[in-house]
Each structure stands twice: as structure tokens, then as C-alpha cells.
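Undergrad: First the structure, then my questions, so here it is.
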Amino acid sequence: MSIKNRLAWIAALMTTLFSTSAFAQSGAASNNFDAEAMAALGAGLAIGLAVLGGALGQGRAAASAVEGVSRNPGAGNRIQALMILGLALIESLVLFALIIAFMLQGKVLAG
């Protein structure tokens, strides 16, 4: 292991071990604002990650379908039907994440 890698590992270890005291809180108990902030963060992350995963999944599914049709044009109808079914299932997961994000956002606004 080179000296540069050792220094990088030591810096990462020191940052991990000794930075926790900088984020330490006082003895005050948690309040509703913390829960609302976490619900808002969860809503944003839920829809963001769902859209990212859905878009990547749909792109790969479409690319594979086009590649399959280009290799065997006679199976185009079967491949298209299966691709549309797969895309619908992927999109349903994104819609479920959207519903969960709206429910979390409602919890923030109602609280």
C-alpha cells in the first residue's frame, strides 16, 4: 500500500471517528419538528429514488426489447407485449412511491 493510500485511509478514519462530537446534541428531547423534517426528507427521497430507478429500469427494458427485435424480427409481437407488461409493472412501482410521498407530505402539513 502506497503512502498516499495510507494517508487517505488515515484521514477517512479520523474524519469518521472524531467528527461525531461535532454533531453531538444537547440533552434536549426530540420534538415534532424533527419528525416532520424526517417525513419531508423521506417523501423527497422516496419519489426521487423511485423515479430514478423506474427510469433506469424502463430504459434497460426498452433497450433489451429493441435488441431482441433486431435479432429476431419474427418475435416482435411477443417481445412488444412482454415489454409493455414489464413497463406497466415498473411504472406501478413508481406510482406507489408517489402515493407514499404524498402521504408523508400530508403528515408534514397536518402536523
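The values are calculated or read from the model by the stated rules, or taken from the named source; none is laboratory data. No experiment lies behind these values; they were computed from the predicted model shown. Ideal geometry is used to build each Cβ from the backbone, glycine not excepted, and the neighbour counts take in all protein chains shown.
Undergrad: For a quick check of your reading of the model, give me the residue pairs whose first member lies in the range 96-111 and is over 10 Å from Ala43 (Cβ atoms), whose second is at pLDDT 85 or above and not aliphatic (A, V, I, L, M), with beta-carbon atoms closer than 6 Å and at least 6 apart or on different chains.
TA: Every condition considered, no pair remains.
Undergrad: Run Gly57 past the list (1) surrounded by fewer than 16 Cβ atoms within 10 Å (Cβ to Cβ); (2) closer than 19 Å to Ile99 by Cβ; (3) not aliphatic (A, V, I, L, M) and report the number of the one that doesn't hold.
TA: All conditions pass for Gly57, except number (1).
Undergrad: Give the residues of the range 36-94 that are charged (D, E, K, R) and either closer than 28 Å to Leu104 by Cβ or over 23 Å from the mean Cα position of the chain (by Cα) (or both), sorted by residue number. Walk me through it before giving the result.
TA: Residues of the range 36-94 that are charged (D, E, K, R), as a first pass: 36, 60, 67, 71, 78, 91.
Residues satisfying the conditions are Glu36, Glu67, Arg71, Arg78, Glu91.
Undergrad: Out of everything in the range 1-35 that is at pLDDT below 80, among the aliphatic types (A, V, I, L, M) and loosely packed, with under 10 Cβ neighbours inside 10 Å, what residue ends up being farthest from the chain's Cα centre (by Cα)?
TA: Within the range 1-35, the match that is farthest from the chain's Cα centre (by Cα) is Met1.
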